Every structure is written in C-alpha cells, then in structure tokens.
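The values are calculated or read from the model by the stated rules, or taken from the named source; none is laboratory data. Treat the numbers as computed from the prediction; the structure is a model and nothing was measured. We place every Cβ from the backbone using ideal geometry, glycine too, and count neighbours over all the protein chains shown.
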Amino acid sequence: MGPPLGKRRPPRTGFTLIEVMVAVVLVDVGLLALVAGCSILVRAMGDTRARTNAARAAESRLARLGALACAASTDGSSASARLSEHWTVRTDPAGIRELRDSVSFTVRAGSSFLVLRTRVPC
C-alpha cells in the first residue's frame, strides 16, 4: 500500500542509471578525442624536429663553406642515418660565391628536402 493520501513522498535526489551511462559515454568520447589529438601533436613534433635538424645541418655547412678561402667551384655530399646533404659552391666572374646546400631527410609521410642558398663575396 502507498503513502496516505495527504502525504507525498519527497522527490528523490541523484541520477538515474541512464543519465550516468550517457555521462560516461560522453566522457569516453571526449577522452578519445584528446588522445587522438595528442598523437597527432607528437607526430607533428617529430616532423618538426627532423626539419629543424636539417635546417641546422644546412646552416652549419653554409657557414663552413663561407669561411673557406675563395677557390674554384666545388661540389660535395655527405650522408648519415637521417640526413643526406649535397652542396655546391660556384664563383662568378665578379668574385661572388654562391653557396647552396640541399638536405633530404625522412619524416613520417616519407622523404622531404630543404635547400638553403646564400651569396658571399670573395
């Protein structure tokens, strides 16, 4: 038998099972999106690190080539586990040297390359 006619039950506080399940599903979806975003960031950071290392290698090579005495045109190359470089030095009749360094490196999507060029007087 129920409560007497004049008395009502106080309203229940708390959540129903369906509300809790919906909340758990929403939190799970949010966490999965967060993890996916973090993995994309980690991969992008790896690609950026490889590009930065390639730029440093090319900059260093151009600085060393620019510090050398003026000479005839020359070419060279070197390779390591992660980078492959090819550089050229060309001197024009006006005494200006053009230094060029091309660096190829590996990123997540495959192979990429970076080319730095500069001109220095003899």
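Of the residues making up region 65-118, those that are exposed (fewer than 12 other Cβ atoms within 10 Å of the Cβ), more than 26 Å from ASP47 (Cα to Cα) and either of a type in the set (D, E, K, R) or touching a residue at least 60 places away in the same chain (Cβ under 8 Å) (or both) are ASP75, ASP92.
When restricted to residues that are at pLDDT 90 or above and in contact with an Asp or Glu (Cβ under 9 Å, 6 or more places away or on another chain), region 61-88 contains 10. What about ARG51, is it in contact with a helix residue (DSSP H, G or I) (Cβ under 8 Å, 6 or more places away or on another chain) and surrounded by 14 or more Cβ atoms within 10 Å (Cβ to Cβ)? It is false that ARG51 is in contact with a helix residue (DSSP H, G or I) (Cβ under 8 Å, 6 or more places away or on another chain) and surrounded by 14 or more Cβ atoms within 10 Å (Cβ to Cβ).
Would you say ASP47 is of a type in the set (Asp, Glu) and within 26 Å of SER111 (Cβ to Cβ)? For ASP47, the condition - of a type in the set (Asp, Glu) and within 26 Å of SER111 (Cβ to Cβ) - is met.
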